[in-house]
Amino acid sequence: MSITRSKLVASELLLEAVKRHNIHLSLLVADTGLWVNPEFHNRLVRDTSSAAIYPDVRRARGQGEKRGQIVDGVRLDDNTYANGAMKRAAGLGKSAEGFEVCHIWPRTCYDARYHTAVANIVLLPRALAGLSDHDIEIQTALQYRAFELYGWYPEGRKPPVKPEFYPSKWREPQPDTINARTPHTVSASSRSVSEKRSPEKRLGLTVRIADWSRKPDLKVHKIIGLVAQAHDGISRDELVMQVANVTQSKNPYGAVASLLTDSGNAYGRVFEDCDGTIRIHPEVQEQVRALAWNAD
């Protein structure tokens with residue numbers, strides 16, 4: 001006589017046990033979840049009119065789509081872009097171990113508007129991450145917490161309602177490290193005449209730019225290339241993200257800042273910051289545009 005064994009699904013057994021013992025996993029999520037600072041989200045939306053760091057990237061579906069493909073101008077991802085974007089936006093880089101990216105709203109990872117939206121992502125310990133897809137208590141708690149922090153929810157959805165059980169204490173969002181590590185720069189419209197470069201400094205920078213253009217392996221070469229390719233400029237936050245991705249710099253914030261000033265040991269003022277948009281500085285624009293730059 002054959003014995004038919006029922007399938008054992010670990011997540012289902014765990015959730016049944018949680019319910020039976022009246023355990024609230026959302027308390028663990030509230031204590032351990034890592035969130036991007038709301039100021040980063042606010043600047044991103046203000047500067048790009050998008051909540052996504054990479055608004056042309058989404059997760060690949062399992063219907064013949066593969067990571068790395070370009071479909072209708074959208075790059076297909078697993079969670080690589082979302083993971084990297086989230087950790088850099090939170091100022092963590094590789095310092096956060098054992099955490100996984102979790103999308104807060106179901107199936108939004110397949111929408112390029114939301115796949116890398118920091119208001120739609122939380123970093124959870126790997127032991128808890130899988131449960132965010134199965135436990136309705138965790139899902140509703142995360143959705144309401146994201147709404148509290150960012151005032152955001154996906155287009156076409158209803159604003160989340162505070163769940164019946166909701167943790168009273170949550171881990172504070174990460175410090176706004178991108179803003180904190182980036183020295184203040186004035187916009188082009190407010191720059192005074194006294195800030196213009198001396199002939200000696202202008203000549204020195206011209207020589208360095210020519211030298212950098214001949215060395216495509218240099219980080220500074222790649223950073224200039226990123227801005228040179230963005231003919232209408234690029235938001236400062238987006239540039240920092242791309243610099244971290246392309247150069248693997250441990251301090252992409254400082255690298256960008258070093259190209260916005262002539263002071264100290266900085267690279268030199270190759271860029272200007274126009275109310276959050278980074279462009280090639282007018283004094284060196286003609287030279288930079290005439291040279292070849294590789295941002296790969």
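Every read-out reported here was derived from the displayed coordinates using simple, explicitly stated rules and does not represent laboratory data. Here the structure is a predicted model, which means the values were calculated and not measured. So basically every Cβ, Gly included, is an ideal-geometry build from the backbone, and we count neighbours across all protein chains shown.
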Loop only per DSSP, at most 13 neighbouring Cβ atoms within 10 Å: give me the trypsin sites (Lys or Arg not before Pro) in the stretch 1-77, ordered by residue number. ARG5, LYS7, ARG61, LYS66, ARG67
Please report, in whole Å, how far the alpha carbons of the chain spread along each principal axis, starting with the longest. 90, 44, 34
Selection from ILE224, ALA257, PHE147 lying farthest towards where the dipole of the chain points positive, charges on Cβ: ILE224
List the residues of the stretch 199-231 whose backbone N lies under 11 Å from a point placed 7 Å from the Cα of ALA292 along the Cα-to-Cβ direction. 214-216
Suppose the chain between LEU27 and VAL9 were pulled fully straight at 0.36 nm per residue; how much longer would it get relative to their current alpha carbon spacing? 4.1 nm
Restricting to aspartates and glutamates and to Cα separations under 17 Å from LYS66, and discarding same-chain partners fewer than 8 apart, the set is ASP56, ASP77, ASP78, ASP111
Under a Gaussian network model of the chain whose springs join Cα atoms within less than 10 Å, the largest fluctuation of LEU25, LEU131, LEU13 belongs to LEU13
DSSP loop GluC sites (Glu not before Pro) with at most 16 other Cβ within 10 Å excluded, longest remaining stretch of the chain: 165-296
Can you spot the lysines whose alpha carbon is less than 22 Å from LYS169's alpha carbon? Ignore those fewer than 8 places along the same chain. LYS19
Under a Gaussian network model of the chain whose springs join Cα atoms within less than 10 Å, the largest fluctuation of ASN251, ASN265, ASN37 belongs to ASN265
All other residues with a Cβ under 13 Å from the Cβ of LYS19 taken together, and with Lys, Arg as +1 and Asp, Glu as -1, what is their net charge? -3
